[in-house]
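No lab work stands behind these numbers, since they all come straight from the coordinates. No experiment lies behind these values; they were computed from the predicted model shown. Cβ placement follows ideal geometry from the backbone for every residue including glycine, while neighbour counts extend to all protein chains displayed.
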Amino acid sequence: MLCWGMVLVIGHRGAAAHAPENTLASFRKALELGADMIELDVHLSSDGELVVIHDDTLDRTTDGFGPVSSMTLSDLRELDAGGGERVPMLREVLELIGGQCGVDIELKGEGTAGPVASMLRRSVDEGPFAPGSLLVTSFNPIELMEFAPLCPEVRIGILVEGVPEGVVEVGGHLAVRTIGLDHRFMTEEVVRECIRAGFEVHAWTVNDMERARMLIGWGVGAIITDRPELKWDLSGGERGG
Ligand code: G3P
Ligand code: CA
């Protein structure tokens, strides 16, 4: 069971070191490796379907090209997202995870807050996700402000690029639970300042165990990693449920 307050290991784009990012294969691998939560990125197709893909465009991760938002769902489903995997819909990813671990949904695309809130409303009201097992994050404060009143039981988190100047003020203004920082720009002082102000700090993207240990020593609450198996190294190799 997900327990806020313990250090969480969050599978970045599933288990991106082991399978094509943000695909069902990657999410299955993250589950197999025992991730506490799975992180994924959402955009809208041109016909308003929530799809799981990182970039605004198709070029880097699929055999298609151009903006994701210019393609219908059925066009997107024709593409190869790596190793014969398809671009998944958010609905099918949530069905796959099915409450086995938590989910950190990053609102990447413009206009995703409302549709994600509707989908999570149903998942919380009808199951299988407890609200505490879900987190909605974004670099875009506008999406977070839109999401929060629509689904107030689900926690939100702000993501910050680069040097986290003024992050505590921004987090306070948005009433977020978590602050997600690029670990390369983190200092112990910043982490402690965020914690003192009442936030949980999530570090991305940490694939090195020694670095993860250092960050946890500073008080970081979650390690977002392409290698969810770090969890077992961090817990002394004890594989548990
Ligand atoms: O969860 C934070 C992390 O995913 C943000 O960076 O570029 O991988 O979406 P990015
Ligand atoms: Ca992300």
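Only helices (runs of 4 or more DSSP H) whose full extent lies in the range 1-112 are considered here, and the ones with at least 1 residues that are within 16 Å of ligand 1 (Cβ to nearest atom) are 24-32, 90-97. If you go through the range 125-170 and keep only what is surrounded by fewer than 18 Cβ atoms within 10 Å (Cβ to Cβ) and touching a Phe, Trp or Tyr at 6+ places or on another chain (Cβ under 6 Å), you end up with GLY162, VAL163.
Here GLU143 meets each of (1) more than 16 Å from ligand 2 (Cβ to nearest atom); (2) in contact with a helix residue (DSSP H, G or I) (Cβ under 8 Å, 6 or more places away or on another chain); (3) of a type outside the set (A, V, I, L, M, F, W, C); (4) assigned to a helix (DSSP H, G or I) with one exception, condition (1).
In the range 66-82, the condition of being more than 16 Å from ligand 2 (Cβ to nearest atom), within 29 Å of PRO149 (Cα to Cα), of a type in the set (Asp, Glu) and free of Cβ contacts under 8 Å to residues at least 40 places away in the same chain is met by no residue.
Among the residues of the range 206-239, those identified as in a helix (DSSP H, G or I) and among the charged types (D, E, K, R) are GLU210, ARG211, ARG213, LYS231, ASP233.
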